[in-house]
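Chemist: Sharing a structure, written as C-alpha cells. Questions coming.
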Amino acid sequence: MLSYLYRLAASFERSHHCRPNLLYLSPSHYRMLQENLAGMANEEEVERFVGMDIVISPEVRHPNVAWVSRGQGRRVAGGRG
C-alpha cells in the first residue's frame with residue numbers, strides 16, 4: 001500500500017508541479033494503510049507520516065490524491081482545524 005501511495009503522489013507531483021495534500025481512501029484501504037503503519041496510534045500520526053490530510057469515504061473506489069488550499073482541505077477532511 002505504501003509503495004502504491006508513493007507512486008500515486010509522485011505521479012501527481014510530476015503532472016501538477018506541486019505535492020498533493022489530500023489522500024482519498026476507502027475504509028478498507030485505510031485499514032491496509034494502518035496495517036502497514038502498525039506503530040502509529042491514530043489518524044493524525046498517519047497523516048503526518050504520509051504528509052497529507054486523509055479523507056476516508058466508502059464512496060472511494062481507488063486511492064486518489066489531490067491538492068486544495070489548506071482552508072478547503074480541512075473542511076473537506078471533516079472540519080478539523
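Chemist: Tally up the residues in the range 1-17 that are assigned to a loop (DSSP other than H, G, I, E, B) and touching a Phe, Trp or Tyr at 6+ places or on another chain (Cβ under 7 Å), please. If you could, list the steps in order and put the result at the bottom.
Modeler: Our first condition is that a residue be assigned to a loop (DSSP other than H, G, I, E, B); within the range 1-17, this holds for 1, 17.
If we keep only those that are touching a Phe, Trp or Tyr at 6+ places or on another chain (Cβ under 7 Å) too, we end up with none.
Summing the residues that are assigned to a loop (DSSP other than H, G, I, E, B) and touching a Phe, Trp or Tyr at 6+ places or on another chain (Cβ under 7 Å) in the range 1-17 gives 0.
Chemist: For the range 22-81, give me the residue count where each residue is among the polar types (S, T, N, Q) and modelled with pLDDT of 90 or more.
Modeler: 6
Chemist: (1) surrounded by 14 or more Cβ atoms within 10 Å (Cβ to Cβ); (2) of a type outside the set (S, T, Y); (3) within 9 Å of the chain's Cα centre (by Cα): which one isn't true of M32, the others all being true?
Modeler: It is condition (3) that M32 fails.
The values are calculated or read from the model by the stated rules, or taken from the named source; none is laboratory data. Everything quoted here is computed from the prediction, not taken from an experiment. Every residue, glycine as well, gets a Cβ built from its backbone with ideal geometry; the counts of neighbours run over all protein chains shown.
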